[in-house]
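Everything below concerns the one structure shown next.
Please treat every number below as a calculation from the coordinates, not as lab data. No experiment lies behind these values; they were computed from the predicted model shown. In this analysis, Cβ positions are derived from the backbone assuming ideal geometry, glycine residues included, and neighbour counts consider all displayed protein chains.
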Amino acid sequence: MKNFMKVTCFALLLVMSGTLLWAGGAQDTETMDEKLIMAMVTNQSGLGDQSFNDAAWEGLGQAESELGIERKVLESREQAQYVPNLSTLAEQNASLIVGVGFMIKDAVAETADMFPDSNFAMIDGFVDLPNVASISFKENEGAFLIGAIAAKVSKTGTIGFVGGMSTPVTNRFEAGYRAGALTANPNIEILISYAGTFADAAKGEEMANPQYDQGADVIFQVAGQTGLGVINAAKKKGKFVVGVDRDQNYLAPENVLSSMIKRVDIAVFNVCKLVNDGAFKGGPYSYGIREGAVDYATSGGLIPSDVIDYAESLKKKILSGDIVPPGTYDELDAFTPPSM
């Protein structure tokens, strides 16, 4: 009995010290790896936008399945929530904090400065701090192809563009789109509207209806959740609409002519991998056609084959440098459509 009590006490001491004796060997429970937490803070569109935020969340999902990280999200419904949400994740020692969208840029800069030991990624904006990976896309390249497709498909000679808010990013989409359309048809008429929000589907429909009524038979929406209203308007009017960021044909298979693909998921996964591998480094990261992160979708089968051939010829000229799609209004003003 005394020997049994000695063995029991010895085992208890081993357990209390964090070591478990088993089958003649010892295992330190403290050596078990904890999952890295990687998280994102949405812009005001939030998850469910079928676009930008959802794509970033998918990138974290890929990191969860392939790298074994734990993903988290804090949704922002107003700009005042940006800094508190980012700070909360930093205080929770998240290994990577992703700020989604140009509107969150100042908040990322402020929070990254307050938490210099935390890693941040800024989607669609540049923050000049060593702990921030600033990820940008050459949206003008993909939008150029979309503009050319829209102009070629249009039967009325009028197309449209509905943006969420006027920012350098949405302006880059617009400039590329207009240049591509003018390249395909120098006489094309292009209607432009901005809704003033990325989070109001009803406002998107309100912006789209007048353009369709004025003869536009294709509208390119770059507007987050607001853009879902543009798609709804296209369905009601029996017109074409172009989606953004992800392939949105499934939302209206007979109306979503194409979508300008912007692989935010690829960029988010790549920065997650850098953190996971201990290779994270702040600075600019740029993604375009060459990197396989910007393109157009053909999944709906609505684009005529000759128009696809034309778009592919333009893509080759972009890759060769023969065409440089404009990304600002000044560059658009100076742009001369190439002869094709």
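See the values below:
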quantity	calculated
J(HN,Hα) series, the stretch 215-230, from Karplus relation 6.51 cos²θ - 1.76 cosθ + 1.60, nearest Hz, glycine and proline x	x, 5, 10, 9, 10, 9, 9, 10, 8, x, 5, 4, x, 5, x, 5
Long-range HN-HN contacts of Ala133 with modeled amide H, under 5 Å	Phe120, Ala121, Met122, Gly283
Under-5 Å amide H pairs with Val73, H placed in peptide plane, nonlocal only	Met40
D_trans [Stokes-Einstein, Kirkwood Rh over alpha-carbon pairs] for the stretch 144-295, 37 °C, 0.692 mPa s, µm² s⁻¹	207 µm²/s
Protection proxy ranking of 113-124, 240-251 - average other beta-carbon atoms within 10 Å, highest first	240-251, 113-124
Estimated dipole of the stretch 152-304 in Debye, rounded to 20 [Cβ of Lys and Arg +1, of Asp and Glu -1, Cα centre]	180 debye
Estimated [θ] at 222 nm from DSSP helical runs (n ≥ 4, -39500 (n - 2.57)) normalised by residues in the chain, nearest 500	-13500 deg cm²/dmol
In order through the stretch 133-143: 3J(HN,Hα) via Karplus (6.51 cos²θ - 1.76 cosθ + 1.60), integer Hz, x for Gly, Pro	8, 9, 9, 10, 10, 8, 4, 4, 5, x, 5
Cα-derived Rg over Rh, computed across the stretch 79-230 with Rh taken as Kirkwood radius	1.10
Formal net charge of residues neighbouring Gln44 (Cβ-Cβ distance under 11 Å; K, R +1; D, E -1)	-3
Sequence ranges 295-305, 165-175, ranked by mean other-Cβ count within 10 angstrom, highest first	165-175, 295-305
With Cα atoms, 0 to 90° folded angle of helix 105-114 axis to the chain main axis	20 degrees
Burial ranking of peptide ranges 61-69, 327-335 (average Cβ count within 10 Å, highest at the top)	61-69, 327-335
Student exercise, the chain dipole from Lys, Arg, Asp, Glu Cβ charges, in Debye to nearest 20	520 debye
Cα centroid separation - the stretch 274-313 against the stretch 76-107, whole Å	26 Å
Cα-derived Rg to Rh of the chain, Kirkwood definition	1.15
Positive-end residue of Ser136, Ser259, Phe335, charge dipole of the chain with Cβ unit charges	Ser259
Those residues of the stretch 168-191 whose amide nitrogen sits under 13 Å from the label point placed on Glu331, 7 Å along Cα→Cβ	168-180
Violating pairs (Cα-Cα greater than 30 angstrom) within the set Lys273/Lys317; Lys105/Lys203; Lys152/Lys273; Lys105/Lys237; Lys138/Lys239; Lys262/Lys316	Lys273/Lys317; Lys152/Lys273; Lys105/Lys237
Nonlocal amide H pairs with Ile37, under 5 Å, H built at 1.01 Å	Glu70, Ser95
Nearest-ten-degree value, helix 264-276 long axis tilted from longest Cα axis of the chain	30 degrees
